[in-house]
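Just below is one structure, and these are the notes that go with it.
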Amino acid sequence: MSASGDDPKAAGLRPGDPHDAAPDDARGAAPDDVRDVAPDDRRDSAPGEPSALGARDLDDGGPDAPDPAGGGPHAPDAPDEPPGGSGTLLDTLRVAVVMLDTRGRVLLWSPLAEEVLGWAGEHIVGRRVGGLFGPAEAMDTAGAGQGAPPRLRSIPEPGQAEAILAELLRGGRWDGILSLRHRDGHTVQVETRASLLVDGDGRPFVLASMVETSRLRTLEHDLAALDSLFDSSPLGVAIFDSDLRYVRVNAALARMNGLPIADHLGRTVAEVLDRATADYLTELQRTVLATGRPVIDLVALAPHGRGHRSLSYHRLVDRAGRVLGVSATVMDVTERVQAAAKAERARRRLALLNDVGTRIAGELDVHRAAQALAEALVPTFSDYSGVILHSEVAGGGELPSVTYREGTPLRQLGIAAVHWSPAVARMLRRGQPIAFTGSSVFGTVLRTGRPRLVASQEELRATTYPDDPKVAAAVELGITSLLVLPLRARGVVLGLLVISRGRGREPFDHDDLALATELADRAGAALDNARLYVREREGALMLQRSLLPRALPEPPGVEVAFRYVPGSSAAEVGGDWFDVIPLAGGRLAFVVGDVMGHGLGAAATMGRLRTAVRTLAGLDMPPDELLRRINELGDDLAQSQAEGWMATAVYCVYDPSTRRCSIAQAGHLPPVLVEGMAGEPERCRARLLELPTGVPLGVGGVSFESTELEVPDGAVLVLYTDGLVEARGKDIGAGLDRLRRTLCRPLHSLEDACDELLATMEPGREPDDVALLMARLGGLPAGSTASWTFPAEPSAVRLARRRVRDTLLRWDLAPLSDITMLLVSELVTNSLRYAHGPIGVRMVRGGSLLVEVSDPLPDPPLERFAGEEDEGGRGLQLVGRASRRWGTRHGPLGKTVWFELALP
């Protein structure tokens, strides 16, 4: 570029002015017109000024001129960001700096200028830059009105460089947008700021800075968007410097803090907010500034505790990594916190209802349910709680039939407290009888069924009569609010739930009253269920115990011990049962069974089943036949035909005179036979009898099978139900092994053995009934039996009478001789008349005198009623009237008629 003349005055410059251009001859001769500078036609330059290199000016060769070094046109790759991926704002803008002399020759070409336009400094320094120019636009401020923005004025491409230089020389400054040609041929738009300056020697030069318009516009858009978001955001936004002073604050935050924006700038939070809030926020800001760890959505109290705010802090760092300060975003979340608190309170209320319901729903004992209710409320909902019930309800009785009257007996069943002290003991005492006056708060709630809220200690003192020690204890404990709630079920008030809070805790309000009322209604229903269960269970236990034998017969040679344990209180009464039935001939029947099901129905079925077994046992049936007959009863034993029935049982008949045992099972657990000496494991043997298992009674259409075995003298037979050996989650075989091991321990008696078996039951066993029957089986004492067989001849009667008389004399039972010989004569005579075969006579001395007469005729004798003129037919009548009892039974080869006489 060159001026219109060599004289600086012709360009409007004054000598000595900073914007004056020095004469050309001051720096050496220069051509008067714009021309190429040959390689050896170098102008005089200031000391240190770069000299022009190259064969031709850019005006002539243009951007496509060959590289003086021999290379073709190229554009070096310049990264958008400095190495390392970070930098300052200037690195983002890439400001290129160019220095020209007053003739438009390049004196300095910065590396960023090379990056922007692709021309290396060694290729362009010393040359004129006219060939780089395309169309240009200059800022025109002369024609703009007062306060109006400058307008862009187009500059034609021919003579563009001269025009810009002339304007620089006139005004000392030029601003505008230039379209420059990149070395690879495309156009680059740059916004340029050029100034005419004078160096220390008074020589003028042009210093220009250029920025690509695309980068500048992007930055301007980003800043505009940031300003718009900052100012229009409904959230409070602030910027703090590294000294934690406000640098920028938006209007939303200013409104939150109640101060103008100007009162924030340059101040810290300690100078703007209250001390408590400022100390907390300052510590938070320092932590974020020091560590760089952001704080996001931290909910804290608003200044002066007026609501809640959500705080987010981030550390501000520039592209070079320098810490600039902290940004803050503040949102008023008072409504959100209140809604969350309300939701949390509702959640806690539902959790409390669920917890109380869960705790008391599984309790089927009124006392335990009341205690569980009291404990469930402390300390979650109250500091002290008490459950007071009508005495009849507490014992499982009927519901109160009339409303509360003064003096109605009540009892405190459940109590709980956050801590215990003598004052608490005076106020709450489990099991204590309680009575309220009709005019007291408690009496009113019992009578009306409406809950009451006592909201102050003055009201508390007036709840009962003056100087009530319980009220005095409550006042001493600092109780400030009290809820008295009716426990209702089926429209009847069962009692009261009394809960209270002390000092240091928020008093009860009407929301708490509504929650507690709902809770008390649920608790009342649960307590009523427990009452009904207790009543049914007690009834079932009473029925069951009334049906079980209270005393068992113990004939000679047999020792019996038994135990019955009802299920735990959490389970219903079952249908386990046992019995020992005396049979003819000194024999005994042992039976143990288990009716499936629980409750009154199972107990009633058990009673019917026991009666049926006792009745059929009197007919001297074999065990398998007895079980078959029981099974055929079918629906007659069930509570209803729709429900049906099912039971397991084991039935055993033992004859001490022969030490033989006949057993049959109906789906029951196998009996255990203990042989040898208990307490000496090497000689003791407890074995499960291998018997046909059969199917449970009530199935129908099946047969049963009896097994006979000879029992060693002194062996112990153990019959039991599954509750003794079953345990939850364990194989029943483990329980059977434990049973066998226990039976071989050193035990002094069968009673000790029963206690030991019950003591070793698994803690985790099913809460079922247990029936246990143990019998030590022995023979009769030597000489206690006598038996004979006579041929079916008339002499059999005389021989039988003689043998009977001699035996009674030997047994010292002479007083029974006459009656015994008379009855034997009648029975042997009947056998001679109707049977054709040998006649057997057997006598057994035990608890009574037993006499048996057997023959091969299977049909039992029929008792007739003889008239006054009949010569016969009175034999069985005589036997029935003279003996204590008599009967018949079937045997494998015929029948046996027997009778018993009491010993003198």
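A compact table of results
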{"read-out": "Selection from region 448-463 of residues that are more than 39 Å from the chain's Cα centre (by Cα) and surrounded by fewer than 18 Cβ atoms within 10 Å (Cβ to Cβ)", "value": "THR448, GLN457, GLU458, GLU459, ARG461, ALA462"}
{"read-out": "Positions within region 289-327 being touching a residue at least 40 places away in the same chain (Cβ under 8 Å) and either touching a Cys at 6+ places or on another chain (Cβ under 7 Å) or in a loop (DSSP other than H, G, I, E, B) (or both), in sequence order", "value": "ALA302, ASP318, ARG319, ALA320, GLY321"}
{"read-out": "Single unsatisfied condition, THR789 versus (1) within 30 Å of ALA602 (Cβ to Cβ); (2) open to solvent by 70 Å² or more (accessible area, probe 1.4 Å); (3) among the β-branched types (Val, Ile, Thr)", "value": "(1)"}
{"read-out": "Failed item, numbered, when GLY735 is tested on (1) part of a helix (DSSP H, G or I); (2) open to solvent by 20 Å² or more (accessible area, probe 1.4 Å); (3) of a type in the set (Gly, Ala, Ser); (4) in contact (Cβ under 8 Å) with a residue 24 or more places away in the chain", "value": "(2)"}
{"read-out": "Residue list for region 447-466, restricted to those being in a helix (DSSP H, G or I) and of a type in the set (A, V, I, L, M)", "value": "LEU460"}
{"read-out": "Those residues of region 630-648 which are at pLDDT 85 or above and touching a helix residue (DSSP H, G or I) at 6+ places or on another chain (Cβ under 7 Å), in sequence order", "value": "ILE630, ALA647"}
{"read-out": "Test for ARG411: is it part of a strand (DSSP E or B) and of a type in the set (D, E, K, R)", "value": "yes"}
{"read-out": "Residue pairs meeting the criteria (Cβ under 7 Å; at least 6 apart or on separate chains; first under 12 Å from LEU132 (Cα atoms) and outside any strand (DSSP E or B), in region 106-119; second of a type outside the set (A, V, I, L, M) and open to solvent by less than 20 Å² (accessible area, probe 1.4 Å))", "value": "LEU117/HIS182; LEU117/ARG183; GLY118/HIS182; GLY118/ARG183; TRP119/ARG183"}
{"read-out": "Positions within region 798-829 being touching a strand residue (DSSP E or B) at 6+ places or on another chain (Cβ under 8 Å) and farther than 15 Å from LEU901 by Cβ, in sequence order", "value": "LEU799, ALA800, ARG803, VAL828"}
{"read-out": "Residue within region 673-691 that is assigned to a loop (DSSP other than H, G, I, E, B), open to solvent by 10 Å² or more (accessible area, probe 1.4 Å) and touching an Asp or Glu at 6+ places or on another chain (Cβ under 6 Å) present", "value": "no"}
{"read-out": "Test set (1) in contact with a Leu (Cβ under 7 Å, 6 or more places away or on another chain); (2) among the β-branched types (Val, Ile, Thr); (3) within 30 Å of THR92 (Cβ to Cβ) - VAL272 fails condition number", "value": "(3)"}
{"read-out": "Subset tally (residues that are assigned to a loop (DSSP other than H, G, I, E, B) and within 48 Å of the chain's Cα centre (by Cα)) for region 693-705", "value": "7"}
{"read-out": "Number of the exception - ARG545 against (1) under 36 Å from the mean Cα position of the chain (by Cα); (2) open to solvent by 40 Å² or more (accessible area, probe 1.4 Å)", "value": "(1)"}
{"read-out": "Hits in region 437-447 (condition: in contact (Cβ under 8 Å) with a residue 24 or more places away in the chain and open to solvent by 30 Å² or more (accessible area, probe 1.4 Å))", "value": "THR437, ARG447"}
{"read-out": "Residues of region 328-351 classified as open to solvent by less than 70 Å² (accessible area, probe 1.4 Å) and free of Cβ contacts under 8 Å to residues at least 12 places away in the same chain, total", "value": "7"}
{"read-out": "Residue list for region 252-279, filter: outside any loop (DSSP other than H, G, I, E, B) and open to solvent by 40 Å² or more (accessible area, probe 1.4 Å)", "value": "ARG255, MET256, ILE261, ALA262, ASP263, ALA270, GLU271, ARG275, ALA276, ASP279"}
{"read-out": "Residue list for region 187-208, restricted to those being buried (at least 18 other Cβ atoms within 10 Å of the Cβ), touching a residue at least 60 places away in the same chain (Cβ under 8 Å) and either part of a strand (DSSP E or B) or not basic (Lys, Arg) (or both)", "value": "VAL188, VAL190, LEU196, PRO204, PHE205, VAL206, ALA208"}
{"read-out": "Criterion: acidic (Asp, Glu) and within 30 Å of PRO856 (Cα to Cα) - qualifying residue of GLU793, GLU726, GLU756, GLU751", "value": "GLU793"}
{"read-out": "Residue count, region 586-612 (criterion: at pLDDT below 80 and within 27 Å of LEU777 (Cβ to Cβ))", "value": "1"}
{"read-out": "Of all residues making up region 579-607, the number that are in a helix (DSSP H, G or I) and under 21 Å from GLY891 (Cβ atoms)", "value": "3"}
{"read-out": "Scope region 292-316; condition over 21 Å from VAL337 (Cβ atoms) and open to solvent by 60 Å² or more (accessible area, probe 1.4 Å); matching residues", "value": "ARG293, PRO294, HIS314, ARG315"}
{"read-out": "Members of region 553-585 that are within 30 Å of ASN529 (Cβ to Cβ), modelled with pLDDT under 85 and open to solvent by less than 10 Å² (accessible area, probe 1.4 Å)", "value": "GLY567, VAL573, GLY574, GLY575"}
{"read-out": "Counted residues, region 524-538 - those being buried (at least 20 other Cβ atoms within 10 Å of the Cβ) and over 20 Å from LEU600 (Cα atoms)", "value": "3"}
{"read-out": "Residues of region 302-348 satisfying the condition of being in contact with a His (Cβ under 6 Å, 6 or more places away or on another chain) and closer than 30 Å to SER382 by Cβ", "value": "THR334, VAL337"}
{"read-out": "Matching residues in region 708-732 - criterion: being open to solvent by 40 Å² or more (accessible area, probe 1.4 Å) and over 48 Å from the mean Cα position of the chain (by Cα)", "value": "GLU708, GLU710, PRO712, ASP713"}
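A quick yes/no check of all residues on (1) in a strand (DSSP E or B); (2) open to solvent by 40 Å² or more (accessible area, probe 1.4 Å); (3) of a type outside the set (Gly, Ala, Ser):
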position: ALA800; (1), (2), (3): no, no, no
position: LEU808; (1), (2), (3): no, no, yes
position: ASP812; (1), (2), (3): no, yes, yes
position: ILE819; (1), (2), (3): no, yes, yes
position: LEU832; (1), (2), (3): no, yes, yes
position: VAL879; (1), (2), (3): no, no, yes
position: PRO892; (1), (2), (3): no, yes, yes
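The values are calculated or read from the model by the stated rules, or taken from the named source; none is laboratory data. Model, not experiment: these values are computed from the prediction. When we count neighbours, we look across all protein chains shown, and the Cβ atoms used for this are built from the backbone with ideal geometry, even at glycine. To get the accessible areas, we keep the full protein, side chains included, count just its heavy atoms, and leave off ligands, DNA and RNA. Shrake-Rupley method; radii C 1.70, N 1.55, O 1.52, S 1.80 Å.
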